[in-house]
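Before we start, here is the structure in question, set down as structure tokens.
Derivation of every value follows stated rules applied to the coordinates shown; laboratory data play no part. Note that the structure is a prediction, hence the values are computed from the model and not measured. Please note: Cβ atoms are built from the backbone with ideal geometry, for glycine as well, and neighbour counts cover all protein chains shown.
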Amino acid sequence: MKIDRLIGILSILLQRDKVTAAELADKFEVSKRTILRDIDAISMAGIPIVSEQGKGGGISIMEGYRVDRTLLSSEDMQAILSGLQSLDSVSGTSRYRQLMDKISAENTDTFTADSHILIDLSNWDKSTVADKIELIKKAIGLHRIISFRYFSPSGESTRRLEPYHLVYQWSSWYVWGYCTDRKDYRMFKLGRITELVLTDEQCADRDVPLYTGDKLRHTKGEIKVRVRFGSEVKWRIIDEFGADYPLYDSSGNMIIDFTWSDRESLYSYILTFGTNAEILSPEEYRQEFAGFVKKISDIYKT
């Protein structure tokens, strides 16, 4: 796309004192005539471009123009590349690496991602999420509604969503937007989505609120409960919620006030801690959880 090429050309001009039209044409795989038209477009945008003919000539930004040419240092480029390569891990392509190659003014070997930092955002079965991410990205760009079947603790349902954000959080990918079925903003886990379709229906013109990720896993909760966790699982609590979040009692146990979406999923989560978790309040949930555990125990009685 032309806008991508213009941004790439400008990035190169910010990093180098001078570059020829032929070099730019070769890097962006277009004709020299196209590059010259792009340079005219950049000039019309208010950035003074100087073009020098002959040996040693080339294209540059006017000397003295107030632009910080250190905007992207080598360290900056390495950090950006590491982040972009993490996005390539989702799709299994080298699309973002290719983008960095195009906007890197120096030899591409100069700007290699930090080999000590490896970021893999893909799930164990990459194909189940990658295609969904690409379709949702397209829907967001076109401002169109998506429809899908969703599997949640309360059962299966068909949803229609105006997507606004793809979110990688809590070690999983989600889509956040306005659910036209529930008339509210909701978040859906991509791994639980099937039959995803990009519709022809446009999203409504809304004043979209700022997305804020709830630290306790649910952006819209209905269940409030206090749970005590034993010190033996402190590593897991810190891993999931951070070192500053839990309260501690006199025995070193951790106390956490949860806001959860539904009781069944809350109880299932508490069970993963075995004997190292206890619901303290309210008493109604404490007794209900005891009955929940008894039902499980009854399955194994002979």
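What Rg and what Dmax come out for the stretch 157-302 when only alpha-carbon atoms are used, in angstroms?
Radius of gyration, then largest Cα-Cα span, for the stretch 157-302: 18.5, 60 Å.
Binning at 10 Å from 0, report for the stretch 2-61 what percent of all alpha-carbon pair distances ends up in each bin.
P(r) for the stretch 2-61, in whole percents per bin: 23, 64, 12, 0.
What list of whole percents do you get for P(r) of the stretch 127-202, with Cα-Cα distances grouped in 10 Å bins up to the one holding the largest distance?
20, 61, 19, 0
Spelling out what I want: for every residue of the stretch 280-290, take phi, set θ = phi - 60°, compute 6.51 cos²θ - 1.76 cosθ + 1.60 (Karplus), and round to whole Hz; glycine and proline get x.
Karplus values, whole Hz, x for Gly and Pro: 9, 7, x, 4, 4, 6, 4, 5, 5, 5, 4.
How charged is the neighbourhood of residue 277? Take every other residue with its Cβ under 11 Å from the Cβ of residue 277, and add Lys/Arg as +1 and Asp/Glu as -1.
0
Which whole-Hz ³J(HN,Hα) couplings does the stretch 229-243 yield from phi under the Karplus relation 6.51 cos²θ - 1.76 cosθ + 1.60, θ = phi - 60°, glycine and proline marked x?
10, x, 4, 5, 10, 4, 4, 6, 4, 5, 5, 8, 10, x, 6
By count of other Cβ within 10 Å, fewest leading, how are 273, 289 ordered?
Values: 273 16, 289 20.
With the sparsest Cβ surroundings first, the list reads 273, 289.
Now for a different question. In the neighborhood of residue 203, defined by Cβ-to-Cβ distances under 10 Å, what is the net charge if each Lys or Arg adds +1 and each Asp or Glu adds -1?
Numbers: positive: 144, 206; negative: 162, 201, 205.
Neighbour charge sum, excluding residue 203 itself: -1.
Loop-only check: which trypsin sites (Lys or Arg not before Pro) in the stretch 243-302 are DSSP coil with at most 13 other Cβ within 10 angstrom?
Of the trypsin sites (Lys or Arg not before Pro), the ones in loops of the stretch 243-302 whose Cβ has at most 13 other Cβ atoms within 10 Å are 301.
Related question: Tell me, what are the semi-axes, in whole angstrom and largest first, of the equivalent ellipsoid of the stretch 223-299 as set by the roots of 5 times the Cα gyration tensor eigenvalues?
Its equivalent ellipsoid spans semi-axes of 21, 13, 12 Å.
Using Cβ contacts closer than 10 Å as the measure, can you line up 40, 244 from fewest to most?
244, 40
Counting other beta carbons within 10 Å of each residue's own, what order do 5, 182 fall into, fewest first?
Fewest-to-most ranking of 5, 182: 182, 5.
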